[in-house]
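Notes to accompany the following structure.
Throughout, read-outs are computed from the coordinates displayed, never taken from laboratory work. The structure displayed is predicted, hence computed values, not measured ones. Backbone-built Cβ (ideal geometry, glycine too); neighbour counts: all protein chains shown.
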Amino acid sequence: KAGVTQTPRYLIKTRGQQVTLSCSPISGHRSVSWYQQTPGQGLQFLFEYFSETQRNKGNFPGRFSGRQFSNSRSEMNVSTLELGDSALYLCASSKDRGLSEQYFGPGTRLTVT
Amino acid sequence: DAKTTQPPSMDCAEGRAANLPCNHSTISGNEYVYWYRQIHSQGPQYIIHGLKNNETNEMASLIITEDRKSSTLILPHATLRDTAVYYCIVRPTTSGTYKYIFGTGTRLKVLA
């Protein structure tokens, strides 16, 4: 069974640009969550999507947005990039909400210069 | 804010049991305890979860105190590949936001 895949794995962008990251969940998983990981702040929850609807959102500015498609694949977008957005962005999928454990992808390493 | 407290780091000799404690004194009745670990440069990996009974799987055992205010993850025979940051998380599973709030975790170093 294929795991969670994220593309691209590495990305370099310039301040002010925007970026779109993609996540393909494990087949049959309907919930997708996104996290930002930095050395200073650790793993922080961004948002969760289930059945194409955002169900939860973390404490991030509106520049961070996402969506989920009917096949459960998800994208997150960051507009007007700032240096502080440099981070590892992790996607995790689970069968359902609630009790299901999450399976994480390898992440996308974003560097903003 | 994270609802758990873990020691920042621990060492364990290879082949010995690694016992990682977690305090979750404000845990609610519908919240489960989850453990994940993150090996350097990889995404976190699910280990185990439980509500109030002790749980065991092929990776580890989870011991939850009777009052549910603390728990211990046990890796019975630690290997060098178990060197990682271990996160203890509490989250509701029947209602509420469901989101995982990761704390700073425990950095476990298994020594040869």
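Considering every residue within the stretch B:25-43, establish whether at least one is crowded, with 18+ Cβ neighbours inside 10 Å and farther than 28 Å from A:ASN59 by Cβ.
no
Yes/no matrix, rows are residues, columns are (1) without any contact (Cβ under 8 Å) to a residue 60 or more places away in the chain; (2) within 27 Å of B:HIS49 (Cβ to Cβ); (3) buried (at least 20 other Cβ atoms within 10 Å of the Cβ):
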| position | (1), (2), (3) |
| --- | --- |
| A:HIS29 | no, yes, no |
| A:GLY40 | yes, no, no |
| A:LYS57 | yes, yes, no |
| A:SER65 | yes, no, no |
| A:SER72 | yes, yes, yes |
| A:LEU88 | yes, yes, no |
| A:VAL112 | no, no, no |
Scanning the stretch B:9-60 residue by residue, the ones that are under 13 Å from B:HIS77 (Cα atoms) and assigned to a loop (DSSP other than H, G, I, E, B) total 7
As an exercise: evaluate B:ARG68 against (1) touching an Asp or Glu at 6+ places or on another chain (Cβ under 7 Å); (2) outside any strand (DSSP E or B) and give the number of the one condition it does not meet. (1)
If I filter the stretch A:59-73 for residues that are within 25 Å of B:GLY105 (Cα to Cα) and of a type outside the set (Gly, Ala, Ser), do I get at least one hit? yes
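Among the residues of the stretch A:12-68, which ones are of a type in the set (Ser, Thr, Tyr) and away from chain B (no Cβ under 14 Å)?
The initial filter retains those residues of the stretch A:12-68 that are of a type in the set (Ser, Thr, Tyr), namely A:14, A:20, A:22, A:24, A:27, A:31, A:33, A:35, A:38, A:49, A:51, A:53, A:65.
A:THR14, A:THR20, A:SER22, A:SER27, A:SER65 - these are the residues of the stretch A:12-68 that are of a type in the set (Ser, Thr, Tyr) and away from chain B (no Cβ under 14 Å).
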